[in-house]
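Read the figures in this text as sums done on the coordinates, not as results from a lab. Note that the structure is predicted; figures quoted are calculated from it, not measured. When we count neighbours, we look across all protein chains shown, and the Cβ atoms used for this are built from the backbone with ideal geometry, even at glycine.
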Amino acid sequence: MGKLQEKVCLVTGGSRGIGAGIVKCFVEEGATVYFTYRSSATKANELMESLAALPGKVTSFASDASDFREAEDAVTKVVEEAGRLDVLVNNAGITDDTLILRMSEEQWDRVIHANLKSVFNLTKHSLRPMLKNRSGSIINISSVVGVFGNAGQANYAASKAGILGFTKSIAKEVGSRSIRCNAIVPGYIETEMTESLDEAVKESFLQNIPLKRMGSSDEVAQMAAFLASDNASYVTGQVLSVCGGINM
Ligand code: NAP
């Protein structure tokens, strides 16, 4: 039996990259998984088709995580269809990099909304069904950039550092109801987000990684599956790195 058997999970931004890795891993572990995306319907459908033969169930739909009402509708849909919500993975995220002197207000707001406000939106709405069941696991995907900072990513770093404070606060607010909240700090993971980095930047990242390679979406997903499962029943308010030991 998979370790997520009978768990109903909602993963934001599951159509590609780390989110898709989490969706696949959760379905393999027997979960009923709902995942969202913003616009990549074709990729979402391809992912669902590729998982059809696995033990769990998977459904996807478009929902902008940065929009408070769309986030509410997403949680309502899951609870109406599946009857409960056990696990929320706040994975959706974007970058829009430039040095602070060139960064527009729009670039700042867009990244903060997509990466941080989205976490508030989905968490707030998910807590209602979780509080009702007196059980739940919330997993927030932060980044090493939120821990170390990175030139040219002040908006992204601020959003990912904000997630860490949010995670620890929510863990304190809802721990007494057996709801856990943890953050994963991925390092340099091979996805479309990192594909566009130039070779010099990639090389400098690799020099600072003791394991001397990029990570995979599946390696992040394995940590998410642990935190989602009852094996992590005494783990909350924690920041767990999956980063090959990177020191930026
Ligand atoms: P990715 O390949 O660019 O995929 C991003 C996913 O998020 C896509 O499914 C995208 O949907 C979705 N998304 C973006 N904005 C959204 C919104 N407003 N509402 C709903 N869905 C939205 O990114 P990734 O590399 O897998 O990164 C996933 C998460 O891990 C992000 O939070 C990222 O910051 C974090 N992370 C990544 C790395 C890395 O090295 N890759 C390292 C540390 C942390 P569409 O395709 O429809 O746009």
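Which parts of the stretch 207-238 would a label at M248 reach, counting a residue when its backbone N lies under 13 Å from a point 7 Å out along Cα-to-Cβ?
Answer for the stretch 207-238: 208-209.
When N counts the residues of the stretch 98-193, how does its alpha-carbon radius of gyration compare numerically with 2.2 N^0.38 Å, as a ratio?
The reported ratio for this selection is 1.19.
Each residue of the stretch 54-65 in turn: what ³J(HN,Hα) in whole Hz from Karplus with 6.51, -1.76, 1.60 and θ = phi - 60°, glycine and Pro shown as x?
My calculation for the stretch 54-65 gives 7, x, x, 10, 9, 9, 9, 7, 6, 6, 7, 5 Hz in order.
Is there a quick way to get the dipole size of the stretch 8-241? I mean about its Cα centre, with the Cβ of Lys and Arg at +1 and of Asp and Glu at -1; what is the value in debye to the nearest 20?
Rounded to the nearest 20 debye, it is 880 debye.
What fraction of the Cα pairs in the chain, stated in percent, has a spacing above 35 angstrom?
When every Cα pair of the chain is considered, 9 percent fall beyond 35 Å.
Select from N133, A65, A161 the residue farthest towards the positive end of the dipole of the chain; place +1 on Cβ of Lys and Arg, -1 on Cβ of Asp and Glu, and compute about the Cα centre.
N133
With labels modelled as points extended 7 Å from the Cα through the Cβ direction, what inter-label distance (nm, one decimal) is found for N231 paired with E203?
For N231 paired with E203, the spin-label model returns 3.9 nm.
Give the lysines reachable from K7 as a straight Cα distance under 20 Å; neighbours fewer than 8 places away on the same chain don't count.
K24, K57, K77, K124, K132
From a point 7 Å beyond the Cα of F148 in the direction of its Cβ, which residues of the stretch 164-191 have a backbone N at a distance under 20 Å?
Residues passing the 20 Å test: 164-165, 183-191.
Give the peptides 72-81, 191-200, 14-23, 108-117 in descending order of average Cβ contacts within 10 Å, highest first.
14-23, 108-117, 72-81, 191-200
Checking the cross-link filter: which lysines have an alpha carbon closer than 21 Å to that of K212, excluding same-chain neighbours under 8 positions apart?
K212 reaches K202.
Report, in order of residue number, the helices in the chain meeting two criteria: a C-alpha extent of 18 Å or more along the helix axis, and a mean Kyte-Doolittle hydropathy of at least -0.5; treat each whole DSSP H run as one helix.
68-82, 118-133, 154-174
Sticking with the crude label model, points 7 Å out along Cα→Cβ, report the distance from E46 to K77 in nm, one decimal please.
Result: 2.1 nm between the two label points.
Translational D (Stokes-Einstein, µm²/s) of the stretch 178-226 at 4 °C and 1.567 mPa s when Rh comes from the Kirkwood sum over C-alpha pairs?
It diffuses with D of about 105 µm²/s by this estimate.
Out of residues 5 or more away from S137 or on other chains, whose amide H comes under 5 Å of its own, with H placed 1.01 Å from N in the peptide plane?
Residues meeting the criterion, in which the H sits 1.01 Å from N, are V87, L88, R180.
Check which residues have an amide H placed less than 5 Å from L240's amide H, if you skip close sequence neighbours.
A183, I184, V185
Residue-wise, which Karplus ³J(HN,Hα) couplings in Hz belong to the stretch 30-40, taking 6.51 cos²θ - 1.76 cosθ + 1.60, θ = phi - 60°, and x for glycine or proline?
3J(HN,Hα) across the stretch 30-40, in whole Hz: x, 6, 9, 10, 10, 10, 10, 8, 8, 9, 8.
I want the local charge near S50. Using Cβ-Cβ distances under 12 Å, sum +1 for each Lys or Arg and -1 for each Asp or Glu among the other residues.
With Lys, Arg at +1 and Asp, Glu at -1, the neighbours total -1.
Would you pull out the residues with amide H under 5 Å of G215's amide H, same chain only if 5 or more places away, H placed 1.01 Å from N?
So G215 has HN proximity to Y188, I189, E190.
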